[in-house]
Each structure stands twice: as structure tokens, then as C-alpha cells.
Amino acid sequence: MSAIKECDLPGIGKKFTLELDSGDKLVVVIHFSGEREVFKFTKDNDEPSSVTTLTDEEAHQIGAILSGTYFQPVMEDEQKLMMKNVTMEWIKITDDSSLANKKLEELNIRKITGVSITTIIRGETVIPNPRSSEVLQPQDTVIIIGNNEQIKNFISAFEIKQRLEK
Amino acid sequence: MIVNESVLSLGISLLALFIAGLLATKINQSLTAVFIVVGMILQNFFPVTIITEFIATLGIIFMLFMFGLEFSVGSLVNNQRKIFYSGIYDLLFNFPLGLFLGWLLGYDFIHALLLAGIIYVTSSVIVAKSIIDLKRSANPETEYILNVLIFEDMFIASFLAFIVGITNYGHIDAKGTFLVILKTSAFFAFFIVLAKTSKKFINKIIDIEHTELFVILILSIIVLSAGAASYIGLSEAIGAFLAGLLLSETKQRHRISEAIKPFQQFSTAIFFVAFGMSIDYKHLGGMVPMGIFIFIVTSFSKVYGGYFIGRKYALSKRAGLRLGLSLIPRGEFSIILAGAVSMSASTPYSIKSLTGVYVLLSAIIGSIVMKESDWFIKRLIERKAPKTLQTKNP
């Protein structure tokens, strides 16, 4: 990899030249206005064979793609939005719980409260996506997911006393 | 009723500028040239009023202030060797030629010097804009063009201080030259020392949030510096330039530029109009052939000088020629030089009209030459190339 040459363009901005392995040159000019221009010079030619003009924002996006750190900023926002409404809770099944020793299908949790049980933690074993025939046992920890209202329903319907910190 | 009429004429001038400017941008012509033409036409309808003249004076001051503000001291320091050498070659190719032409025209030494300055200085405004518009900012010759421009601007700023000083003194002799150079250097030194020592202090005083007060403070700094320079017999313009340099290193630089730009654009446009209005048609007839002659001669020297610099720095022949062809347009500084000195009574009329013709020719044709440089390259270089090959082969 060759070094990047840097050069001042007084009154215009700054110029960065990268000589590629192919012998072509890629030149980036950053204008004081924030605008970027990307020029391609083919080997031994002193006039560019192509010019692309980018705004500051576009340049940031392209830069992220080129450096391999690109992710869709819109998607990230959506995820955040989703996580605002949806909560996960860790619930300990006590010995006297109305949930203990019952099959999931009898409890009908989703129908009654809207909450889904995503995982059961039983001692050392973890049961992700438990089947409806699974029986909840005392001292199990269940991970439930739902929006705030659904979680509240769940807690009041089954008189949950022990919620664990995540 | 003088005021009423002059306000009306100012309004008409501005409207005319707008319409002409709109047309000029459509065909990619430089605004400088168009504004001068507008002034030349308008002189048939009303005279230059006190108001126009006053705004024109502010125009020079603001223009030089913006030059100083946007002057890149950093790149001057970083590339001083390159800038110095390309600048010196360009100076040697063009400045003495101007002196010679001045002598040929029968000017005295001061006016020959003035003419040398006028034909020497390429318009950095026109050239930099063309480089950006023509997408040439990454070309190998561009950094050398800009280096030449930065040297020229610095040189001409000092030259302006000197020439106005010497005109105010009256004539050139050893004592006068010494006095003016001493005054100029002292004035420059004062600002440089101020910039170096009081950076924090200056940053602190201009850190004002109130928009209106901020503008008034900056204006007061500009006008005071210009006034101080004028008071000690130097050009107001140089005071403003140094005020710009002083403020260019502050954190508020961008805000200052935003605040002053509208004033500058308005007053500079009026300055060019006023200059156009002061060009007399009656004298112009005789000026045109002379203007064309000087234009052709000095274009050759600029192009050859540029080509020489390009070859010196191992650019290809094509890039070297493009470098030379980019240096033809003359503009704002030539007019400032012609205008700044003719305000003092001793200047013969001709130099102003001559500069008008010269700047119009070089700004308009120079921009076209830059755009069509491939045509020249084909004619001048690629035609020769096969011949040299043939002579080498056998």
C-alpha cells in the first residue's frame, strides 16, 4: 500500500492523492465548503478520466462503506424505537406461584396477557423457545417479552412477586 | 435633491448589475468584466455621485479585508519554498516587461511601476473560480497555479502600500522610497506583532454573541485599520488587508466572513461600476489598439512563464501549458491599483482607461482560453510531437 500524498490548495481546500497498485491515481479534493470531489487519473494521464462530486453527508456514507463500518443509520433508529416499547423481564417462579407445575399450554399466557415466554432457565440448562408441552417448575427463571402494558397484565394476572434485575 | 437623484441612480445601477450578472452567469463569464461594462454603459445616463464614490471606496476596503481574511497564512508557511520559487519566476517573467511597456508608452517611473503591477497580477478570483468550475482542482498544475496566485496577492498587497505611499509623497527619490518602505514595514510589523502576541486577547474581544454588535465591532476594526493606514499616508486598502489577516487566525473567522460578505459583495459591485463609469469613451478609441497590443504581449509572457514553472517542477508539457494558459485573466487587483492611485490628482488619465480595456480583454478572453486549453495544447504541443519523433527515429 502506498502512502497518501497531502497537499494544500490555497483558496480551494486540501488535496489527497492515492497511487493505486494498478498505477492509476485516485485524488480526493476536500473543498472548504465541505464538498468533496473524487477524481480518477489513469496511468500517466494528467487530466482526470472521471470526476464525482459528493456532499459532506454523502462523503461520510461512502467513507463508511469503503472502510467497512457501514450500517444503515435508519435501521438503527428503528431498532431503538422498537426497544423503547418492548421490554424483557426475568421472572423467578416461586414455590407457591400459580405458574408452578403447570404446562405452558394450560396457562395460555399469551392469550390472557399478550406476553410471550422466550426462554426458561432451569438451574444450569437453558431452554430457548420452550414447547407448549413444557412444564414450569418451581425455582425456574422465565424470560418474558412484551410491551409495558402486557408485562403489567402478566404480573397482576399471576401475582408475581419476584422480578429479577437483568 | 442631489441625494434623491443619487439614490435613484444607485438603484438603477444595482438593477442593471443584477440583470447583466444574471446573463453573465448563464454564459459562465466573470462578473468583474460584466460589472465594468455596466458602468461604461451607465455613464451615459448619470454621473458618478458622491454616494457611489463613497460605496466604491468601501468596496476596495472590504475586498482587501476579505482577501486578508481568506488568505491562507498556513499554506504560505507550509509551502514557502514552492510558493517563493514559482512566484519569483512569474514575477521575473512579467513585472520587468510591464516596466518596459510603461517606458515605451512614455510614462514616468511611478506610472511605469504602476503599469507593471497592473499587468503582472493575475486575478485570483477569476482563476480560482474557473478551476473549480472546470473541475481541475485535482490536476497536477493546479497547486502551482494557486502558489503563483498566493505569491502575487501577497506581493501586490505590499506593492499597493508602497505605490500609494510614494504617490502621496509626490515623486520617487531615495529619501521618499526609504520613508515609504519604512512606514509600510512598520505598519506591517505592527499587525504581525499584534497577531502573534495578542491572539488570545483578540479572540476574547470579538467573542460577542449579539449579532448586531458583532457586525459593528468588526466593521469598526476594518474601517479603523483602513483609516489608520490612510492617516499615515498609505493605502486604506492595505490597512483593511492587514485587519483581515489579523482576524483570519481567530476562531470567529467563519462568522466574520459570513457577516461581512454581503457588505463586500454590494460595495465591490458598485466599485466596479464606478470604475466602468470613469472610463471615458473619447479616450478609449486610442486605448483599444494599445490595450490589445499589451494584452497580447503580456499573455505570451504569462503563458510562457507558467509553462517554464511547470517544466521546472517536472510537470508534463500539457500540464505546463495549462498552467501558463490559466494565468491570463487579470481583474480585481489590477483595477484596484489603477483606481487607488488615480484618486490622487497627479495620475494621467490614460492609465485608468488602459487598465479598463486591458482587464476587460484579459478577463473575458482569459476565461475562454482556460476553458479551451485543450485546443491550444493540440495546436502547440501535439502537433510538434510527431515531428520530434521523426527526427529522433532515423
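The values are calculated or read from the model by the stated rules, or taken from the named source; none is laboratory data. Fair warning: this is a prediction, and the values are worked out from it, not measured in the lab. Every residue, glycine as well, gets a Cβ built from its backbone with ideal geometry; the counts of neighbours run over all protein chains shown.
Details
- Residue match in segment B:174-183 (condition: modelled with pLDDT under 85, surrounded by 12 or more Cβ atoms within 10 Å (Cβ to Cβ), not in a helix (DSSP H, G or I) and not hydroxyl-bearing (S, T, Y)): no
- Scanning segment B:1-46 for residues that are in a loop (DSSP other than H, G, I, E, B) and surrounded by 12 or more Cβ atoms within 10 Å (Cβ to Cβ) yields B:N28, B:Q29, B:S30, B:Q43, B:F46.
- Matching residues in segment B:321-332 - criterion: being assigned to a helix (DSSP H, G or I) and at pLDDT 90 or above: B:L321, B:R322, B:L323, B:G324, B:L325
- In segment B:191-200, the residues that are surrounded by 10 or more Cβ atoms within 10 Å (Cβ to Cβ) and either of a type in the set (G, A, S) or over 27 Å from the mean Cα position of the chain (by Cα) (or both): B:A195, B:T197, B:S198, B:K199
- Qualifying residue in segment B:120-142 (condition: over 28 Å from B:I377 (Cα atoms), away from every other protein chain (no Cβ under 14 Å) and in a helix (DSSP H, G or I)): no
- A count restricted to segment A:2-37 and to residues that are on the phi > 0 side of the Ramachandran plot and assigned to a loop (DSSP other than H, G, I, E, B) stands at 3.
- Scanning segment B:338-369 for residues that are assigned to a helix (DSSP H, G or I), at pLDDT below 80 and over 15 Å from the mean Cα position of the chain (by Cα) returns B:S342, B:S350.
- A Cβ distance below 7 Å, combined with a sequence gap of six or more or placement on separate chains, defines the contacts here; from segment A:1-28, residues that are farther than 17 Å from B:V77 by Cα and at pLDDT below 85 reach residues that are of a type in the set (D, E) and surrounded by fewer than 21 Cβ atoms within 10 Å (Cβ to Cβ) in the pairs A:S2/A:E19.
- Residue among A:K40, A:K25, A:K15 that is within 11 Å of chain B (Cβ to nearest Cβ), among the basic types (K, R) and within 30 Å of B:G68 (Cα to Cα): A:K15
- The listed residue being at the interface with chain B (Cβ under 10 Å from one of its Cβ atoms) and either closer than 30 Å to B:Y144 by Cα or at pLDDT 85 or above (or both), out of A:S49, A:S33: A:S33
- A single entry from B:T25, B:T32, B:T57 fulfils the requirement of being of a type in the set (S, T, N, Q) and free of Cβ contacts under 8 Å to residues at least 60 places away in the same chain: B:T25.
- Only a single criterion out of (1) touching a strand residue (DSSP E or B) at 6+ places or on another chain (Cβ under 8 Å); (2) assigned to a helix (DSSP H, G or I); (3) of a type in the set (K, R) is not satisfied by B:R81, namely (1).
- So B:I270, is it more than 14 Å from chain A (Cβ to nearest Cβ) and surrounded by fewer than 23 Cβ atoms within 10 Å (Cβ to Cβ): no
- B:L115 being more than 14 Å from chain A (Cβ to nearest Cβ) and modelled with pLDDT of 90 or more: yes
- The residues on offer are A:T94, A:T125, A:T87, and the sole one that is modelled with pLDDT of 80 or more, of a type outside the set (D, E) and surrounded by 14 or more Cβ atoms within 10 Å (Cβ to Cβ) is A:T94.
- Scanning segment B:64-72 for any residue that is touching a residue at least 24 places away in the same chain (Cβ under 8 Å), more than 23 Å from B:S362 (Cβ to Cβ), part of a helix (DSSP H, G or I) and away from chain A (no Cβ under 14 Å) turns up at least one such residue.
- Out of B:G291, B:G286, B:G310, one residue alone is surrounded by fewer than 17 Cβ atoms within 10 Å (Cβ to Cβ), out of contact with any strand residue (DSSP E or B) (no Cβ under 6 Å at 6 or more places or on another chain) and not acidic (D, E). It is B:G286.
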